[in-house]
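In what follows, a single structure is set out as structure tokens and then discussed.
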Amino acid sequence: MQQVIDKFNFSIILKPGDVEASSEYWQEQCCQLYGSLCSSIPDGWIEPLKLKCSEGERADLITIFSTLAAFGITGKVFAEIILEVMKTWLEYRPTAEIELKCPDGSTVKISKLPLAKVSKFFEENPKISICEGLNSFKNSNE
């Protein structure tokens, strides 16, 4: 299967802690986060990963809700909306992890960051890129 994603700000990768990543249950949980994010963000957009099927398979594309690509998301929207939605989602799924993958290939585990400090940082630095801002929190344990 081949990825179908163009230029994006970052990817949101949702990892289960205690269920099978490909299970219908997990995809439904990820779809709930996707729906919450889509209905909350005022500008920019988020799309689930779409994979092209191999030749001969029944569907042309498969939607994978555990990997979301974000386009046109500002630091302000990220801090005020996306982090809050993620925080709430994680409260009900304590074994899950959320990672952000930047276009350069670097990753940051959102679920391990001090989210209040990250939100404040982006509110104070709205022009900084999301990936650049998150990289300054990579080694934070607070």
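Exactly one condition in (1) within 25 Å of Glu132 (Cβ to Cβ); (2) open to solvent by less than 70 Å² (accessible area, probe 1.4 Å); (3) at pLDDT below 90; (4) not hydroxyl-bearing (Ser, Thr, Tyr) is false for Ile62; which is it?
(1)
I want to confirm something. Restricting to region 102-136 and keeping residues that are open to solvent by 60 Å² or more (accessible area, probe 1.4 Å) and farther than 16 Å from Asn9 by Cβ, which single residue is modelled with the lowest pLDDT?
Top of the filtered list is Lys112.
Would you please list the contacts, defined by Cβ atoms under 6 Å and residues six or more apart or on different chains, that run from a residue in region 77-95 that is over 14 Å from Cys30 (Cα atoms) to a residue that is of a type in the set (S, T, N, Q) and open to solvent by less than 30 Å² (accessible area, probe 1.4 Å)?
Filtered contacts from region 77-95: Ala79/Ser119; Leu83/Ser119.
Among the residues of region 86-100, count how many are under 13 Å from Leu37 (Cα atoms) and surrounded by fewer than 18 Cβ atoms within 10 Å (Cβ to Cβ). Outline the logic, then answer.
Step one: list which residues in region 86-100 are under 13 Å from Leu37 (Cα atoms), which gives 86-89.
Keeping just the survivors that are surrounded by fewer than 18 Cβ atoms within 10 Å (Cβ to Cβ) gives 87-88.
The total comes to 2.
Restricting attention to region 60-118, report how many residues are over 25 Å from Val19 (Cα atoms) and of a type in the set (Ser, Thr, Tyr).
Looking only at that region, the number is 2.
Out of contact with any Cys (no Cβ under 8 Å at 6 or more places or on another chain) and part of a loop (DSSP other than H, G, I, E, B) - does that describe any residue in region 76-87?
no
The values are calculated or read from the model by the stated rules, or taken from the named source; none is laboratory data. Treat the numbers as computed from the prediction; the structure is a model and nothing was measured. As a convention, Cβ positions derive from the backbone with ideal geometry for all residues, glycine included, and neighbour counts pool all protein chains shown. For accessibility, only protein heavy atoms count, side chains too; no ligands or nucleic acids. Shrake-Rupley method; radii C 1.70, N 1.55, O 1.52, S 1.80 Å.
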